[in-house]
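The values are calculated or read from the model by the stated rules, or taken from the named source; none is laboratory data. This structure is a prediction, so every number in the text was calculated from the model and none was measured. With ideal geometry, Cβ positions are generated from the backbone for all residues, glycine too; neighbour counts draw on all protein chains shown. All accessible areas refer to the heavy atoms of the entire protein, side chains included, with ligands and DNA or RNA removed. Shrake-Rupley method; radii C 1.70, N 1.55, O 1.52, S 1.80 Å.
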Amino acid sequence: MADTLTSPPLLSEDFAWFFDLDGTLATIRPHPDEVAVPDDVLHALNQLSLLNQGALALISGRSMAELDKLAEPYRFPLAGVHGAERRDIHGHAQIVTLPQELVQTLHAQLATALAWLPGTELEAKGMAFALHYRQAPQYQQDVQALAEQVVHDNPQLSLQPGKCVVEIKPRGIHKGEAISAFMHEAPFAGRTPVFFGDDLTDEHGFEVVNQLKGVSVKVGTGDTKARWRLATVPDVWEWIIKAANHQQQKKIAQTNRRTPYGSLDRSL
């Protein structure tokens, strides 16, 4: 179990980087549209990506379209909707789908049920549904019961609880599988994985990273399989910036060692 407020080590080379977004790279807001990642943090993420031959991916419950918008002007490999959508370093996308008739039926069923729970919100993701109750926490048990019934009636689906949200998604889809898929392809293959996450949805990712003897980092409180912990999102921002600068300095030092006369011009 991760020790509270333990800072992960600064890492310099041969790592594959994976980051959750909400609650990890961005503070959680009352509505998903209010979320943003600071420009200096995005710059540091891009710096880490460039220093590691592109081995950096965002792993989120959000759609890939949302992730691209939040990461602008940069474009990273992605796993959206917990891995139901995935885009590799070459831009090739793999998307898990459900029968359209089932999607339409579930959408109507869930929308009708949530209409009786004021303040709850249905987010349709194409192949998955998020049932939000952040604005109506008194309905947590009702939302949970609704989602459980849908999954019980549809064995091809599974339940994924999160912070003030319950998600219904295709069975077998989770962030651990997404990370594992990335780790079997370039430029991630052969590197040590590093994964930052904050929620129950990230625990599968921590488990896979631990099996690969990587660095798993839980953001915030709560039981976790992660081996390290940071207290807040701003702590993550600070760590990412420090890690990017640290790796850049290591690269410069290595370059100078390989070219002992590289600083001659600057000394004249």
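Among residues of the range 159-182 that are within 15 Å of Gly80 (Cα to Cα), those with a Cβ under 8 angstrom from a residue that is β-branched (Val, Ile, Thr) and part of a strand (DSSP E or B), sequence gap 6+ or separate chain, pair up as Gln160/Val166; Gln160/Ile168; Lys175/Ile59; Ala178/Ile59; Ile179/Ile59. Of all residues in the range 184-196, none satisfies being assigned to a helix (DSSP H, G or I) and either at pLDDT below 95 or surrounded by fewer than 22 Cβ atoms within 10 Å (Cβ to Cβ) (or both). Annotation: of all residues in the range 98-145 being farther than 16 Å from Gly61 by Cβ and of a type in the set (Ser, Thr, Tyr), the one that is least open to solvent (accessible area, probe 1.4 Å) is Thr120.
So, of the residues in the range 146-169 that are of a type outside the set (Gly, Ala, Ser) and in a helix (DSSP H, G or I), which turns out to be surrounded by the most Cβ atoms within 10 Å (Cβ to Cβ)? Give the steps one after another, and end with the answer.
Let us first name the residues in the range 146-169 that are of a type outside the set (Gly, Ala, Ser), namely 146, 148-157, 159-161, 163-169.
Those still in the list that are in a helix (DSSP H, G or I) too: 146, 148-153.
Working: Leu146: 21, Glu148: 13, Gln149: 12, Val150: 19, Val151: 18, His152: 10, Asp153: 10.
The residue in question is Leu146.
For the range 40-57, the count of residues that are of a type in the set (Val, Ile, Thr), in contact with a strand residue (DSSP E or B) (Cβ under 7 Å, 6 or more places away or on another chain) and open to solvent by less than 60 Å² (accessible area, probe 1.4 Å) is zero. Which pairs have Cβ atoms under 6 Å, sit 6 or more apart or on different chains, and link a residue in the range 111-126 that is free of Cβ contacts under 8 Å to residues at least 40 places away in the same chain to one that is part of a loop (DSSP other than H, G, I, E, B) and surrounded by 16 or more Cβ atoms within 10 Å (Cβ to Cβ)? Taking only residues 6 or more apart or on different chains, the pairs are Leu114/Thr120; Gly119/Ala136; Thr120/Tyr133; Thr120/Ala136. Within this structure, Ala16 passes the test of being assigned to a strand (DSSP E or B), among the hydrophobic types (A, V, I, L, M, F, W, C), over 13 Å from the mean Cα position of the chain (by Cα) and closer than 17 Å to Val209 by Cα.
The set of residues from the range 225-250 being open to solvent by less than 40 Å² (accessible area, probe 1.4 Å) and either part of a helix (DSSP H, G or I) or under 20 Å from Ala57 (Cβ atoms) (or both) comprises Ala226, Leu230, Val233, Val236, Trp239, Ile240, Ala243, Ala244, Gln247. Annotation: Arg87 fulfils all but one of (1) open to solvent by 40 Å² or more (accessible area, probe 1.4 Å); (2) touching a Phe, Trp or Tyr at 6+ places or on another chain (Cβ under 9 Å); (3) within 29 Å of Val236 (Cβ to Cβ); the unmet one is (1).
In the range 32-57, the qualifying residues are those that are part of a loop (DSSP other than H, G, I, E, B) and not polar (S, T, N, Q), and the one that is modelled with the lowest pLDDT is Val35. Among residues of the range 32-43 that are under 17 Å from Leu56 (Cβ atoms), those with a beta-carbon under 7 Å from a residue that is open to solvent by less than 40 Å² (accessible area, probe 1.4 Å) and part of a loop (DSSP other than H, G, I, E, B) at least six positions away or on a different chain give the pairs Val37/Leu25; Val41/Leu25. Exactly one condition in (1) touching a helix residue (DSSP H, G or I) at 6+ places or on another chain (Cβ under 7 Å); (2) under 15 Å from Lys125 (Cβ atoms) is not met by Pro170; state its number. Of (1) touching a helix residue (DSSP H, G or I) at 6+ places or on another chain (Cβ under 7 Å); (2) under 15 Å from Lys125 (Cβ atoms), only one is false for Pro170: (1). Scanning the range 147-155 finds no residues that are closer than 30 Å to Pro234 by Cβ and either touching a strand residue (DSSP E or B) at 6+ places or on another chain (Cβ under 7 Å) or among the aromatic types (Phe, Trp, Tyr) (or both).
Would you check which residues across the range 22-31 are hydrophobic (A, V, I, L, M, F, W, C) and either at pLDDT 95 or above or not in a loop (DSSP other than H, G, I, E, B) (or both) and list them? Even if it seems obvious, please write down each step before you answer.
Residues of the range 22-31 hydrophobic (A, V, I, L, M, F, W, C): 25-26, 28.
Passing the criteria: Leu25, Ala26.
Please verify whether the range 206-224 includes one or more residues that are open to solvent by 10 Å² or more (accessible area, probe 1.4 Å), β-branched (Val, Ile, Thr), closer than 22 Å to Arg134 by Cβ and in contact with a His (Cβ under 7 Å, 6 or more places away or on another chain). No: zero hits.
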